[in-house]
Structures are given as structure tokens and as C-alpha cells.
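*Asks:* To start, I am sharing the structure in question, which I have written as C-alpha cells.
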Amino acid sequence: MLKLRHFREADTDTLIALFYQTVHTVNAAHYSEKQLDAWAPEKPFRDHWDAVFHGRAFVVAEIDGVIAGFGDLSNIGVFDHLFVHKDFQRRGVASAITCCIEQIALREGLTTLQTEASITAKPFFERKGYHVITEQKKPCRGQVFRNYLMEKTLTDKRLSEKGRFAMDRNIQISAEGHLMLGGVDAVSLVKEYHTPLYVMEEDVIRDAMKSYRKSIDEFYGGKGLVCYASKAFSCKEIYRIAQEEQIGIDVVSAGELYTALCVDFPMEKVCFHGNNKSPEELRMALEHNVGRIVVDNLTELSSLSTIAREMGKIARILLRVKPGVDAHTHSFIRTGQIDSKFGLALETGEAMEAVKISLKTDHIELLGLHCHIGSQILDVEPFVHTAEIMMGFMADIQKETGAVLTDLNLGGGFGIRYSDEDTPVPYVEYMKEVSAMIQKKAEELSFPQPFILIEPGRSIVGEAGTTLYTVGSIKKIPGIRTYVAVDGGMCDNPRYALYQSKYDMLLANRANAPIAGTFTVAGKCCESGDLLGEHVPLPQAEAGDVLAVLSTGAYNYSMSSHYNRNLIPPVVMVKDGKSRVIIKGETLDDMVRNDI
């Protein structure tokens with residue numbers, strides 16, 4: 001459990017002793033042993049630490065009795081010396097210290113706060129709302145280091161009707177301190193629809209779709225198609241919105257395809273995926289003239305050809321290729337490297353063999369290639385490298401077979417902000433840099449620029465979603481942790497149990513309450529691993545509070561289950577201060593409807 005200790009005008013000797021006991025471990029990632037030794041109480045830095053410890057405030061963060069980090073607010077109102085123990089850098093320590101320092105500064109009457117940040121710390125402070133005033137280059141021990149003087153305007157969120165959540169989320173908080181979603185009070189949503197409750201913000205979804213569609217126009221001259229990866233969140237309404245925003249979709253099952261058919265979604269804008277499509281699914285895709293079937297393996301290619309021949313159809317296909325790129329995500333969600341259940345390997349010649357077979361196979365029209373290197377990728381480079389590899393392979397195909405493939409589907413996997421540790425790249429940057437590589441390789445290889453498809457899913461709906469729960473029991477285990485139990489869990493969000501995925505959370509009915517420590521948020525399932533998060537910074541929760549888990553729009557409802565025969569919650573869409581149900585919540589009668 002994380003605790004914050006705030007010292008004011010404390011005895012310098014006491015604080016230096018406390019500090020020096022842990023300075024070697026807290027700063028081991030920043031300084032050499034020789035440099036650390038200079039921080040001893042009797043060494044030249046003593047005068048410096050006299051000034052620090054007699055400043056306005058010194059904040060120490062502890063986790064399970066170990067100093068995890070510290071920061072201070074100087075006499076002149078500067079936020080200084082933010083350090084985090086190397087073993088606790090993914091536990092929300094920096095955010096907790098920063099929040100505490102800012103609250104102290106507000107109480108001291110400060111309206112702005114400055115800090116000096118290194119080039120590596122600069123992105124963190126930018127996420128916290130600080131902007132660069134000046135760039136500084138400082139000589140130190142024979143080297144020149146680049147630092148940034150940064151500043152933030154402090155506002156009392158409790159007095160601001162349009163305040164922002166302290167963790168730098170673009171989330172509105174009402175004058176009553178309630179979380180607002182799409183202009184609707186989250187507390188009122190709970191009163192109307194109860195909990196657990198999935199809430200989706202329509203404007204966020206539409207804005208993301210528009211952004212991707214415009215990027216195709218800007219960087220590819222309109223020669224491309226955005227296909228929403230609907231496995232992230234599939235329902236009739238999301239397909240209606242996709243159609244209205246003039247984008248396509250990708251589906252991975254008969255169920256997703258049938259849902260799209262129910263709203264008359266244009267089938268020519270559909271890509272049908274899957275590593276083990278059934279004969280029935282392939283027939284369904286051909287019957288409804290799906291625009292592109294993404295063939296995963298040679299067995300499927302043979303089956304599809306046979307079925308297409310029987311139906312008198314031509315199957316328009318893309319071949320899924322593993323480009324061999326490791327995107328450095330969780331091992332379960334990496335799909336582009338050779339050891340994956342998805343796709344055809346480049347390294348072994350399997351992909352080229354599949355191309356040659358496809359070109360000779362009756363009732364098969366090979367349009368191009370597909371690849372997907374993983375999910376929740378927060379770097380541009382893996383996508384750029386993948387585009388380079390795929391363009392090279394398309395040129396190789398032309399050399400070996402004479403065939404000029406026209407389509408290149410680069411998949412999705414663009415990362416989003418789940419917690420303070422995530423620093424997603426603006427999506428336009430992905431598109432800009434990848435398109436530059438495609439144009440470069442097209443010129444180098446004298447190969448025509450292909451029709452580009454992309455398949456964003458999480459990045460369209462992920463941050464649009466928030467799940468609301470009601471807090472039940474609070475269980476404190478002294479010296480170990482405090483559990484905050486809610487009325488949902490892994491049955492409506494299995495991602496922590498599967499991937500240890502972290503989420504930002506807050507109390508929707510007390511959104512401006514100060515952080516009291518870190519907690520373990522537990523679900524109600526009869527399973528010890530049923531957790532929504534550990535080391536979650538929260539105010540002190542009480543029974544009846546409304547807990548909001550942010551960025552749950554992707555792979556929450558779509559991965560929900562009936563484990564313990566829990567009911568799947570409803571989904572509500574919010575926009576312009578109004579709410580509407582887009583997926584009904586289940587009843588107990590629904591639960592037993594198919595029982596015999």
C-alpha cells in the first residue's frame with residue numbers, strides 16, 4: 001500500500017538521516033555509486049539539502065515501509081527533486097507525489113508551479129499539464145545535459161465546474177464534484193440504470209473515426225479504407241455509427257458479420273478475419289459478398305476455393321502475413337512474430353508459397369496482403385518497420401510471379417491511454433510516418449503505391465468507455481493491503497486477470513477527493529484472481545461510493561462472461577447531456593433462457 005508522508009520545516013538532521021538511508025536505492029537508476037557517495041550528510045551537498053529540507057514541504061512516498069520516492073516544494077515555490085525508486089516506477093508513485101505537491105502549493109496560495117525536467121521526465125510533466133518555458137543546457141561533470149523549465153497553472157478543481165481529473169484526463173467534473181460523461185452526471189446514470197454499467201461517449205467515438213478517415217485523405221490521397229476492428233466492441237449501434245462516418249469494419253466471426261447485416265452495413269466495406277473460420281462462416285461471407293476475406297493459412301485457402309467453386313463465386317482475398325516484427329507488448333497480444341497462431345511466415349518461405357498457390361487457384365482473386373503486429377503499441381517505429389517489410393515483400397512477389405498486388409492492409413494495434421504509465425503517440429503521427437515509408441519504398445522499388453487499409457479498434461472505442469461500479473465491502477489487511485470490493489469484476493472486465501492491464505480509476509461521486517493511498521480493487525466473483533487493479537491510487541472509499549474505471553470501451557463488454565452466472569451489464573451511450581441504452585442489460589430470465 002502506498003502512503004504519503006508530508007514533512008514541513010522538519011529537523012534537517014532527522015530528514016537527512018531518513019533520506020540517506022535509502023538514497024542509494026531510490027536513485028540507483030540515476031547516479032553512479034561514486035556520485036551517490038557525494039550525497040552523504042558530511043559531504044558538500046549538505047548545504048543544498050539544508051535548503052531543501054527547510055523548504056515549504058518535503059513529501060516522501062512509502063510502499064510497504066520502503067521509501068518509493070520523494071519530491072519537495074521549495075521556499076520559492078518550485079517543485080523540485082522528483083525521484084522514484086527504480087523498483088516502483090510503474091506503481092503510480094510519481095503521480096501521487098506530484099498530486100500531493102500541487103495540493104500543498106494550492107493551500108499555500110500559489111497559482112503557478114514551476115519545475116525543472118530532464119529530457120526523459122519532460123513527457124511525464126507534459127501529461128500533467130506543464131508546458132515548457134525555456135530549454136536549458138547545463139554542463140555537468142564534463143557533459144552537457146538538456147533540461148526544461150516547465151510551468152503549470154494551478155486551479156482548485158473543487159471550485160471549477162469544468163475542472164479536469166487530477167490524472168490529466170480530459171474528463172469533466174461538476175460543481176458537485178461528480179464525474180461527467182458526455183455531459184451527463186455519472187451519479188445520475190447509476191440512479192437510472194444501476195451498476196455495473198458500461199458507458200460509451202458517442203462524440204469520442206465519432207471524432208476518432210473522423211480523424212482516421214481524414215488521415216487517409218491527407219496522407220494517401222483518399223486511396224484507402226479505415227476498417228473499424230469491431231472485435232473491440234461489437235453491436236448494432238457501433239456499426240450504424242461506422243456507416244454514418246463512412247468507414248468500413250472488420251469482423252472475426254459469423255456473429256459479428258450477422259450483427260452488421262442486421263443494420264444493412266455495406267458488405268463491400270467489410271474485411272472478414274479469423275485463423276480458423278468454419279465452412280459455414282466462409283459460405284456466409286461469400287453469400288453476402290464480403291469485400292475482402294483475409295485468409296490465414298493454406299488449409300483455409302483450399303477450403304475457401306472449394307466452397308467458392310460450389311457456390312459459383314469468386315473469393316476476393318488478402319493473405320495474412322507475419323512480418324516478423326516484435327512490437328514489445330504483452331506476449332498474449334503480440335501477433336506479428338513468427339511464433340504466432342496467426343498468419344503465414346515470411347522467414348520460412350510459407351508466405352511466398354501461399355501467394356503462388358493463390359494466384360493459380362480457381363475461384364480465388366488475390367487482391368493483396370494483410371499484417372497485424374500486435375495490440376496496444378505505443379511506438380511508431382514498429383509500424384514504420386512493418387510497412388517497409390511489407391512493401392519489400394510486395395515487390396518480391398512482382399519479381400517472382402509478375403503479379404502486382406493492389407491492397408496492403410497494415411492492421412491496427414495503435415495504443416491508448418489506460419493509465420498514467422501509457423504515453424500514446426497521436427494517431428496522425430502513426431499515419432504520417434507510415435505513409436512516408438510507403439511512398440519512399442514505392443519510389444525505391446518502382447512499385448505502385450497500394451490501396452491502404454488500416455484496422456483501428458481499441459483506439460476508436462477504448463477511451464470512449466467508462467465502467468461504473470458500486471463499492472461494497474472494504475477489507476484492510478494491516479501491513480499488506482486494503483481491498484475495495486465492487487459489484488462487478490472479471491466477468492465484465494477480464495483484462496487485469498488476463499494481462500495485468502492497468503486502468504485509471506476515480507470515485508465518480510467524489511471526483512475531486514484527494515488521494516488517500518493505493519488500494520486493490522476486487523470483484524465479486526468466487527475467484528482469488530478476480531481483481532480490477534492493484535496499487536490503484538484512490539481517495540478513501542466507502543460503501544456506496546461509485547467507482548469509475550476509465551478507458552474500458554474496448555475488450556470489456558466484448559470479453560464479458562457469465563462466470564458465476566453473473567448478468568452482463570447494459571451499455572449506455574451518452575451525448576450532449578442525454579443518455580440512451582444501446583445494449584440492454586440481462587435479466588435472470590435471460591440467464592436461463594437457453595437452459596433445457
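The values are calculated or read from the model by the stated rules, or taken from the named source; none is laboratory data. Worth saying up front: this structure is predicted, and the values here are computed from it rather than measured. Please note: Cβ atoms are built from the backbone with ideal geometry, for glycine as well, and neighbour counts cover all protein chains shown. Protein only, heavy atoms only, side chains kept; ligands, DNA and RNA dropped before computing areas. Shrake-Rupley method; radii C 1.70, N 1.55, O 1.52, S 1.80 Å.
*Asks:* When you scan segment 516-525, how many residues do you find that are assigned to a loop (DSSP other than H, G, I, E, B) and either surrounded by 24 or more Cβ atoms within 10 Å (Cβ to Cβ) or under 15 Å from the mean Cα position of the chain (by Cα) (or both)? Talk me through it step by step, then tell me what you get.
*Replies:* Going through segment 516-525, the residues assigned to a loop (DSSP other than H, G, I, E, B) turn out to be 516, 523-525.
Filter once more, so that each one left must be either surrounded by 24 or more Cβ atoms within 10 Å (Cβ to Cβ) or under 15 Å from the mean Cα position of the chain (by Cα) (or both): 523.
Total satisfying the criteria: 1.
*Asks:* I need the full set of residues from segment 188-214 which are within 14 Å of Ser459 (Cβ to Cβ) and not charged (D, E, K, R), in order please. I'd like the intermediate steps shown before the answer.
*Replies:* At the first step, the residues of segment 188-214 found to be within 14 Å of Ser459 (Cβ to Cβ) are 204-213.
Passing the criteria: Val204, Ile205, Ala208, Met209, Ser211, Tyr212.
*Asks:* Looking at segment 99-114, can you tell me whether even one residue there is of a type in the set (A, V, I, L, M), at pLDDT below 75 and either open to solvent by 30 Å² or more (accessible area, probe 1.4 Å) or part of a loop (DSSP other than H, G, I, E, B) (or both)?
*Replies:* yes
*Asks:* Among Ser501, Ser558, which is the only one that is surrounded by fewer than 18 Cβ atoms within 10 Å (Cβ to Cβ), within 18 Å of the chain's Cα centre (by Cα), not in a strand (DSSP E or B) and not charged (D, E, K, R)? Lay out the reasoning, then the answer.
*Replies:* Details: Ser501 fails: surrounded by fewer than 18 Cβ atoms within 10 Å (Cβ to Cβ).
Testing whether each residue is surrounded by fewer than 18 Cβ atoms within 10 Å (Cβ to Cβ), within 18 Å of the chain's Cα centre (by Cα), not in a strand (DSSP E or B) and not charged (D, E, K, R) leaves just Ser558.
*Asks:* What is the number of the single condition among (1) within 30 Å of the chain's Cα centre (by Cα); (2) part of a loop (DSSP other than H, G, I, E, B) that Lys313 does not meet?
*Replies:* So Lys313 meets the others, but not (1).
*Asks:* A follow-up question, please. Somewhere in segment 532-551, is a residue of a type in the set (S, T, N, Q) and more than 21 Å from the chain's Cα centre (by Cα)?
*Replies:* The first filter runs over segment 532-551 and keeps only residues of a type in the set (S, T, N, Q), leaving 540, 551.
After this cut, where a residue has to be more than 21 Å from the chain's Cα centre (by Cα) as well, the list is 540.
Checking segment 532-551: at least one residue is of a type in the set (S, T, N, Q) and more than 21 Å from the chain's Cα centre (by Cα).
*Asks:* Going through Arg292, Arg283, Arg316 one at a time, which residue ends up being basic (Lys, Arg), over 22 Å from Val226 (Cα atoms) and modelled with pLDDT of 95 or more? Steps first, please.
*Replies:* Details: Arg292 fails: over 22 Å from Val226 (Cα atoms); Arg316 fails: over 22 Å from Val226 (Cα atoms).
Result: Arg283 is the single residue among Arg292, Arg283, Arg316 that is basic (Lys, Arg), over 22 Å from Val226 (Cα atoms) and modelled with pLDDT of 95 or more.
*Asks:* Tell me the residue from Tyr258, Tyr228 that is of a type in the set (Phe, Trp, Tyr) and open to solvent by less than 10 Å² (accessible area, probe 1.4 Å), please.
*Replies:* Numbers: Tyr258 fails: open to solvent by less than 10 Å² (accessible area, probe 1.4 Å).
Being of a type in the set (Phe, Trp, Tyr) and open to solvent by less than 10 Å² (accessible area, probe 1.4 Å) holds for just one of Tyr258, Tyr228, which is Tyr228.
So that you can scan it fast, the table gives a plain yes or no per residue for (1) at pLDDT 95 or above; (2) in a helix (DSSP H, G or I); (3) buried (at least 17 other Cβ atoms within 10 Å of the Cβ):
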{"residue": "Gly479", "(1), (2), (3)": "no, no, no"}
{"residue": "Tyr483", "(1), (2), (3)": "yes, no, no"}
{"residue": "Asn493", "(1), (2), (3)": "yes, no, yes"}
{"residue": "Ala497", "(1), (2), (3)": "no, yes, yes"}
{"residue": "Pro514", "(1), (2), (3)": "no, no, no"}
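*Asks:* Those residues that are within 21 Å of Ser551 (Cβ to Cβ) and open to solvent by 30 Å² or more (accessible area, probe 1.4 Å), I need them from segment 238-255; list them, please.
*Replies:* Selection gives nothing.
*Asks:* Something else about it: Does Val187 meet the test of being over 20 Å from the mean Cα position of the chain (by Cα) and either buried (at least 21 other Cβ atoms within 10 Å of the Cβ) or closer than 19 Å to Lys575 by Cα (or both)?
*Replies:* Numbers: over 20 Å from the mean Cα position of the chain (by Cα): yes; either buried (at least 21 other Cβ atoms within 10 Å of the Cβ) or closer than 19 Å to Lys575 by Cα (or both): yes.
Yes: the conditions hold for Val187.
*Asks:* For segment 128-167, give me each residue that is under 26 Å from the mean Cα position of the chain (by Cα) and modelled with pLDDT under 85.
*Replies:* Result: Lys128, Gly129, Lys157, Lys162, Gly163, Arg164, Phe165, Ala166, Met167.
*Asks:* Follow-up question, since we're still on this one. Which numbered condition trips up Lys475, out of (1) part of a strand (DSSP E or B); (2) more than 30 Å from Glu202 (Cα to Cα); (3) modelled with pLDDT under 95?
*Replies:* Condition (3) is where Lys475 drops out.
*Asks:* Here is a check on your reading of the model: is Gly291 out of contact with any Pro (no Cβ under 6 Å at 6 or more places or on another chain), open to solvent by less than 60 Å² (accessible area, probe 1.4 Å), at positive phi and in contact (Cβ under 8 Å) with a residue 12 or more places away in the chain?
*Replies:* Values: out of contact with any Pro (no Cβ under 6 Å at 6 or more places or on another chain): yes; open to solvent by less than 60 Å² (accessible area, probe 1.4 Å): yes; at positive phi: no; in contact (Cβ under 8 Å) with a residue 12 or more places away in the chain: yes.
No.
*Asks:* Specify which of the listed residues (Thr299, Thr259, Thr306) is touching a Cys at 6+ places or on another chain (Cβ under 8 Å) and among the hydroxyl-bearing types (Ser, Thr, Tyr).
*Replies:* Values: Thr299 fails: touching a Cys at 6+ places or on another chain (Cβ under 8 Å); Thr306 fails: touching a Cys at 6+ places or on another chain (Cβ under 8 Å).
Only one candidate qualifies: Thr259.
*Asks:* Would you confirm, using the coordinates I've provided, whether Val571 is of a type in the set (A, V, I, L, M, F, W, C) and either under 23 Å from Ser473 (Cβ atoms) or touching an Asp or Glu at 6+ places or on another chain (Cβ under 7 Å) (or both)?
*Replies:* On the way: of a type in the set (A, V, I, L, M, F, W, C): yes; either under 23 Å from Ser473 (Cβ atoms) or touching an Asp or Glu at 6+ places or on another chain (Cβ under 7 Å) (or both): no.
It is false that Val571 is of a type in the set (A, V, I, L, M, F, W, C) and either under 23 Å from Ser473 (Cβ atoms) or touching an Asp or Glu at 6+ places or on another chain (Cβ under 7 Å) (or both).
*Asks:* Another question about this same structure. Among residues belonging to segment 527-550 that are over 23 Å from Leu189 (Cβ atoms) and of a type outside the set (S, T, N, Q), point out the one that is surrounded by the fewest Cβ atoms within 10 Å (Cβ to Cβ). If you could, list the steps in order and put the result at the bottom.
*Replies:* Keep residues of segment 527-550 that are over 23 Å from Leu189 (Cβ atoms), which gives 527-531, 534-535, 537, 540.
Of the ones still in play, those that are also of a type outside the set (S, T, N, Q) are 527, 529-531, 534-535, 537.
Details: Glu527: 15, Gly529: 13, Asp530: 20, Leu531: 20, Glu534: 16, His535: 18, Pro537: 24.
Among them, the one singled out is Gly529.
*Asks:* In addition: Among (1) closer than 21 Å to Leu453 by Cα; (2) touching a strand residue (DSSP E or B) at 6+ places or on another chain (Cβ under 6 Å), where does Glu350 come up short?
*Replies:* Single failed check for Glu350: (1).
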